[in-house]
Amino acid sequence: MSDAPHPFREAVVDLAAIRANVAALAAQVAPALAMAVVKADAYGHGALPVARAAVDGGADWLGASDLDEAIALRDAGITAPLLAWLHDPGARFAPAIERDVDLGVSSLHQLNEIAQAAASVDRIAAVHLKIDTGLSRNGVAPADWERVVRAAAELERDGRLRVRGVFSHLANTSPAEDAAQVAAFERALDVASAAGLTPELRHLASTAAALRRPEARFDLVRLGIGIYGVPPFGDGTTAADLGLVPAMTLRGRVAAVRRVEAGTGASYGHAWRAEHATTLALVPLGYADGVPRQASNRAEVWLAGARRPVVGRIAMDQFLVDVGDAPVAVGDEVVLFGDPSSGAPSADDWADAADTIGYEIVTRIGVRVPRRYVDDR
Ligand SMILES: *Cc1c(COP(=O)(O)O)cnc(C)c1O
């Protein structure tokens, strides 16, 4: 047991899977360029190793949400084109401009702040103007768009900044509503060009639209969840259906084994009782590690060569699995999710059990779970 190949709990990230997913998606969307989105610590996979793997796999761009994430990538030696788009009100843009981070712009105020920051470091900032086409989050409000593009064109003529891109984000509500957003985006592009802007990168699609709406690809697609091998749709489409490989495997080792009699209650509130004598295995991961409590009594794990049910409430540090009469021992490997071709559940299976989406399952893996990188080419 002491020489077991993996510790108590860990998330194994296969960088070869990231590379292969980026390559497969980039080939599918070509001639559009591919941006690999590595925000939120690369959806919990680790921003720096994923950024390197994505570039190796052929990503033309990297995307972060916050400036701090983008700056950390630059300071770690990542030189690929890089865009950051979600800024806090007091954001300090100058350090990002000095590091050649392109900046998303969602308001006239941001545009002016970026122009000032660029002047303060004697640089020309590259910006991507974001139009809200219907998601109602950030992005320039449609009523303000003309004013913003005119101001941007003036700053560009004055040599203060360069408008490299115009972008927006889809609500993925329905084909009809996506089509309405595509049309609104095209109108916004017309307004921008009438103001004298010539953005070389028009981008709208994230993974879902990149795969299913070729007309939304424009010059660049922003690929997040797909590069991690997790399907974006939540409709039963698997990673394999999309030619993708799940990059993350969440696993641990059985911490205790207990034989129980019929009628024995398990875990808090005795939300489950044994119907007959059986063996329970204790798995040392809990909601502190991102295992959703909502999946209590619903999810499955891979243990002792089969899928086995999670029984009773998932606690902060641990949960129980009913292994029946299988000969399970302390130290045995248990896989919560990974590549379903190995028999293990997928992150999507856990999402179904917890009434959420695969995005949330991988992104919420806690800090107590070490990430280990492998490269199974
Ligand atoms: C997170 C994000 C993406 C990536 O979305 P996926 O569905 O993970 O591909 C793309 N664009 C923006 C603006 C985002 O915030």
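The values are calculated or read from the model by the stated rules, or taken from the named source; none is laboratory data. Predicted model only: the values in this text are computed from it and were never measured. Quick reminder, even Gly has a Cβ in these numbers, built from the backbone with ideal geometry, and neighbours come from all protein chains shown.
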Can you tell me how many residues in segment 329-373 are small (Gly, Ala, Ser), surrounded by fewer than 21 Cβ atoms within 10 Å (Cβ to Cβ) and more than 23 Å from Asp41 (Cα to Cα)? 6
Which of the residues spanning segment 172-212 are small (Gly, Ala, Ser), surrounded by 20 or more Cβ atoms within 10 Å (Cβ to Cβ) and away from the ligand (no atom under 13 Å from the Cβ)? Ala188, Ala192
Segment 290-307 residues that are at negative phi and hydroxyl-bearing (Ser, Thr, Tyr), paired with ones that are modelled with pLDDT of 95 or more and in a loop (DSSP other than H, G, I, E, B) (beta carbon under 7 Å, 6 or more apart): Ser296/Gly312; Ser296/Arg313; Ser296/Ile314
Hey, any hits in segment 113-127 for a residue that's within 22 Å of the chain's Cα centre (by Cα) and within 16 Å of the ligand (Cβ to nearest atom)? no
For segment 72-101, enumerate the residues that are touching a strand residue (DSSP E or B) at 6+ places or on another chain (Cβ under 9 Å) and within 16 Å of the ligand (Cβ to nearest atom). Leu73, Pro81, Leu82, Leu83, Ala84, Trp85, Leu86, His87, Val101
Filter segment 214-226 down to the residues that are more than 8 Å from the ligand (Cβ to nearest atom) and not acidic (Asp, Glu) and list them by number. Pro214, Ala216, Arg217, Phe218, Leu220, Val221
Which of the strands (runs of 3 or more DSSP E) found entirely inside segment 217-264 contain at least 1 residues meeting this: without any contact (Cβ under 8 Å) to a residue 60 or more places away in the chain? 256-260
Mind checking which strands (runs of 3 or more DSSP E) fall wholly inside segment 301-352 and carry at least 3 residues that are closer than 19 Å to Ala247 by Cα? 333-337
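For every residue, the table says whether it meets (1) more than 22 Å from Ser65 (Cα to Cα); (2) of a type outside the set (S, T, N, Q); (3) buried (at least 24 other Cβ atoms within 10 Å of the Cβ); (4) more than 16 Å from the ligand (Cβ to nearest atom).
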residue: Leu129; (1), (2), (3), (4): no, yes, yes, no
residue: Thr133; (1), (2), (3), (4): no, no, yes, no
residue: Arg137; (1), (2), (3), (4): no, yes, no, no
residue: Ala143; (1), (2), (3), (4): yes, yes, no, yes
residue: Arg147; (1), (2), (3), (4): yes, yes, no, yes
residue: Ala152; (1), (2), (3), (4): no, yes, yes, yes
residue: Leu155; (1), (2), (3), (4): yes, yes, no, yes
residue: Val166; (1), (2), (3), (4): no, yes, yes, no
residue: Leu170; (1), (2), (3), (4): no, yes, no, no
Residue list for segment 320-340, restricted to those being within 26 Å of the chain's Cα centre (by Cα) and free of Cβ contacts under 8 Å to residues at least 60 places away in the same chain: none
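Any residue that is touching a Gly at 6+ places or on another chain (Cβ under 8 Å) and closer than 30 Å to Asn21 by Cα - is there at least one of those in segment 272-283? Give the steps one after another, and end with the answer.
If we filter segment 272-283 for residues that are touching a Gly at 6+ places or on another chain (Cβ under 8 Å), which is where we start, we get 272-274, 278-279, 283.
Applying the additional criterion that residues be closer than 30 Å to Asn21 by Cα yields none.
So far as segment 272-283 goes, no, none of its residues is touching a Gly at 6+ places or on another chain (Cβ under 8 Å) and closer than 30 Å to Asn21 by Cα.
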Could you grab the pairs with beta carbons closer than 8 Å, sequence gap of 6+ or different chains, first residue in segment 133-160 and farther than 18 Å from Glu186 by Cβ and assigned by TED's automatic domain parsing to the domain that holds Glu98, second one buried (at least 17 other Cβ atoms within 10 Å of the Cβ) and β-branched (Val, Ile, Thr)? Ala152/Val105; Ala152/Val127; Ala152/Val163; Ala153/Val163; Glu156/Val163
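Has segment 368-377 got any residue that is closer than 30 Å to Glu275 by Cβ, at pLDDT 95 or above, assigned to a strand (DSSP E or B) and out of contact with any helix residue (DSSP H, G or I) (no Cβ under 9 Å at 6 or more places or on another chain)? Steps first, answer last, please.
Step one: list which residues in segment 368-377 are closer than 30 Å to Glu275 by Cβ, which gives none.
No.
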